[in-house]
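Values in this text are rule-based calculations from the coordinates and carry no lab data. In this text the structure is predicted, and so the values were computed from the model without any measurement. Note that each Cβ is placed from the backbone with ideal geometry, even for glycine, and that neighbours are counted across all protein chains shown.
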Amino acid sequence: MASPAPLVASISHQMVALQTLQLLQREWGWGEGPSDPGSPRGPDHVPAAQVRRSSQMRTRRGLGRGVAGVRSSPEAGGLRGAEGGAELLPFPRDRRPCTLARMAMRSALARVVDSTSELVSVEQTLLGPLQQERPFPIHLKDSVEFRNICSHLALQIEGQQFDRDLNAAHQCLKTIVKKLIQSLANLPSDAHMVACASLRQILQNLPDV
């Protein structure tokens, strides 16, 4: 029986990325309530409250004159989305008018969050048992890269760098899914076909941008 360690490690990195992005949505006020288009709906969605409870508030060191004597407060600290994730700056709730560009960015972020959640679910419920029965290649470095991209994304404020990081996360997630499909292509059992179909559905939800 093959060891599931590579797949477990890959899922772990993806979960860190997912929690980081979910917390980013919440901090921007883009994930409030089930009707919100930015609210992740996947079975592996990690509530922001749970993430916050496991997070530690960090106080940023004051810069400039007169800051050293100011008492630390939660507003002065960053939020750490998950172990190994990015430390988020305490952005205020986003209440500015939603332009077309901001709507597109919000939709793109929600798509990455939802697709990541669906991928983790497929890996845990379908690929895990298959990996133990018959091993197939797992490209761990892609999941590590995805986690790192999401951590860097969470440190950005709106702008070109945010857009570039979001696009990089989108493309990296597509790469992970495509490589999993390729790994399963030569294993034509019914269970593998079901897993491939689920992965292709995720891929359809990640169109080229």
At what distance in nm do the modelled label points of residue 124 and residue 139 sit from each other, each positioned 7 Å from its Cα along Cα→Cβ? 2.4
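Under the rule a/c < 1.5 gives rounded, and otherwise a/b versus b/c splits prolate from oblate, where does region 138-178 land using the Cα gyration tensor?
oblate
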Note down the relative contact order for region 111-196 as a percent, whole number, built from C-alpha pairs under 8 angstrom at least six residues apart. 41
Which length gain, in nm to one decimal place, applies between residue 108 and residue 185 when the Cα-Cα distance is subtracted from 0.36 nm times their residue separation? 24.8 nm
So for each of 13-21, 197-205 I average, over its residues, the number of other beta carbons within 10 Å; can you give me the resulting order with the highest mean first? 13-21, 197-205
